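Presented below is the structure to which this report refers.
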């Protein structure tokens, strides 16, 4: 097959709880998708094989030719070695030094671009969603951890050979609560969905969250975003306060970001935000606007992500296309619109 006939772009989002892969044509029309759960800390070898099998099944189920793949973009949690295409560490999966880029390239005989999963999600929102036309957009995605990403003048903000914007691992509090790294009091330790769930379990055990206690009990694994939102809707005021406190913490993180980068758009995403969009977005915005220097108050907006789970796969695929076709100067959406 000629190189110019390779017109399938694969996006893959490796999350803490799920894998999602989608195939697109060159105009971002979806050709097929496949989703499956991760198996927690299953080991990097098994995890890499599951990534390969997920993409292979996507191709088989949708009668897509492996030889037509122009490139694969894969978003992975944690810091990424951008030159090697390897995952350096993923605290929530237990993977360290996994050369996923070379592994996928060998399996599918095509170029592979590896990037941080939140970078991919933010780029997806920049190209196709809530942050179109932003000069500088910063994304904050609270989930099992708290991820961050930035697109600045159309490019993902990255370090010299390594991903950056680890907003979750910046210190925001004098608390001794930890989050998997040596430093305590981080945004992640104070505002992740995991932290909210842990505090909610305590509240349920003490009798301060009767609906949550009755609905799911105190099992941390069962206190997910939907259960937290449902508890608030059914009158558990303590749970609402916990979410508001976490949102205020994220709001203070936004203040720090605004003072450093002056982004015109802050995008909040992830399952926790999707489940309680109005409460979280309004609290983050109110906190940030109340605490920034006055000259910045009206220069940024805080919005919810629009693309849901598709942000990561779209962003990964679009970034891969951008990196692998450097002569393309227009953004993915601008190119699509002009056709």
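The values are calculated or read from the model by the stated rules, or taken from the named source; none is laboratory data. Note that the structure is a prediction, hence the values are computed from the model and not measured. Cβ: placed from backbone, ideal geometry, glycine included. Neighbour counts: every protein chain shown.
How many residues are surrounded by fewer than 18 Cβ atoms within 10 Å (Cβ to Cβ), touching a residue at least 24 places away in the same chain (Cβ under 8 Å) and in a helix (DSSP H, G or I) when one looks only at region 221-239?
Matching residues across region 221-239 total 1.
Would you mention how many residues in region 129-172 are within 24 Å of residue 97 (Cα to Cα) and either more than 13 Å from the chain's Cα centre (by Cα) or part of a loop (DSSP other than H, G, I, E, B) (or both)?
Summing the residues that are within 24 Å of residue 97 (Cα to Cα) and either more than 13 Å from the chain's Cα centre (by Cα) or part of a loop (DSSP other than H, G, I, E, B) (or both) in region 129-172 gives 16.
For residues in region 28-43 being in a loop (DSSP other than H, G, I, E, B) and surrounded by 17 or more Cβ atoms within 10 Å (Cβ to Cβ), which is modelled with the lowest pLDDT?
Selected residue: 38.
Can you go through 238, 287, 218, 325 and tell me which one is more than 20 Å from the chain's Cα centre (by Cα) and assigned by TED's automatic domain parsing to the domain that holds residue 85?
325
Can you confirm whether residue 201 is under 26 Å from the mean Cα position of the chain (by Cα), assigned to a helix (DSSP H, G or I), free of Cβ contacts under 8 Å to residues at least 24 places away in the same chain and under 18 Å from residue 224 (Cβ atoms)? Lay out the reasoning, then the answer.
Working: under 26 Å from the mean Cα position of the chain (by Cα): yes; assigned to a helix (DSSP H, G or I): yes; free of Cβ contacts under 8 Å to residues at least 24 places away in the same chain: yes; under 18 Å from residue 224 (Cβ atoms): yes.
Yes: the conditions hold for residue 201.
Out of 318, 305, 262, report the one residue that is on the phi > 0 side of the Ramachandran plot and at pLDDT 95 or above.
Result of the check over 318, 305, 262: 262.
Is it true that residue 186 is assigned by TED's automatic domain parsing to the domain that holds residue 154, crowded, with 22+ Cβ neighbours inside 10 Å and touching a helix residue (DSSP H, G or I) at 6+ places or on another chain (Cβ under 8 Å)? Full working, then the answer.
Working: assigned by TED's automatic domain parsing to the domain that holds residue 154: yes; crowded, with 22+ Cβ neighbours inside 10 Å: yes; touching a helix residue (DSSP H, G or I) at 6+ places or on another chain (Cβ under 8 Å): yes.
Yes, satisfied.
Quick one: would you say residue 172 is within 24 Å of residue 274 (Cβ to Cβ) and modelled with pLDDT of 95 or more?
No; evaluated as a whole, the condition is false for this residue.
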